[in-house]
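Participant: What follows is a single structure, and I will ask about it in a moment.
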Amino acid sequence: MSEYLKQVSNAGEQYLTALADGQEQFLKTMSSFTAMLPKMPAAPVPAFATDLPTPKEIAEANFSFAAKLLKQQKEFTEKLFAASNP
């Protein structure tokens, strides 16, 4: 592995570690904040909303699409490199 790739890989790992740490701290703060809020009764769900996806379902669908897109782009890039190098 070249020195450039080592540095890029190291920087990427440092970024992901810092991101994970920040996200964990955010979740801890959010949990502490929501624990202080008074308990509210569940709001009634309007009839038209029963067929709508939940926020979790929307997020899962979007991440699934993003994973498929990234896989397809990787495959395309590999084929492009193979086609351009006889």
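Participant: From the list ASP51, ASP21, which residue is among the charged types (D, E, K, R) and modelled with pLDDT under 95? Break it down stepwise before answering.
Facilitator: Numbers: ASP21 fails: modelled with pLDDT under 95.
Of the residues listed, the single one that is among the charged types (D, E, K, R) and modelled with pLDDT under 95 is ASP51.
Participant: Is it true that some residue in region 34-54 is part of a helix (DSSP H, G or I), polar (S, T, N, Q), without any contact (Cβ under 8 Å) to a residue 24 or more places away in the chain and surrounded by 10 or more Cβ atoms within 10 Å (Cβ to Cβ)?
Facilitator: Going residue by residue through region 34-54, those that are part of a helix (DSSP H, G or I) are 34-36, 47-51.
Pick out the ones that are also polar (S, T, N, Q) and you get 34, 50.
From the residues that got through so far, the ones that are without any contact (Cβ under 8 Å) to a residue 24 or more places away in the chain too are 34, 50.
So of that shortlist, the ones also surrounded by 10 or more Cβ atoms within 10 Å (Cβ to Cβ) come out as none.
No - not one qualifying residue is present in region 34-54.
Participant: On to the next question. Of the conditions (1) under 25 Å from the mean Cα position of the chain (by Cα); (2) outside any helix (DSSP H, G or I), PHE63 satisfies every one except a single condition; which number is it?
Facilitator: Only one criterion in (1) under 25 Å from the mean Cα position of the chain (by Cα); (2) outside any helix (DSSP H, G or I) is unmet by PHE63, namely (2).
The values are calculated or read from the model by the stated rules, or taken from the named source; none is laboratory data. The model shown is predicted, which means the values in this text are computed figures rather than measured ones. All Cβ positions, even for glycine, are placed from backbone atoms using ideal geometry, and neighbour counts span all protein chains on display.
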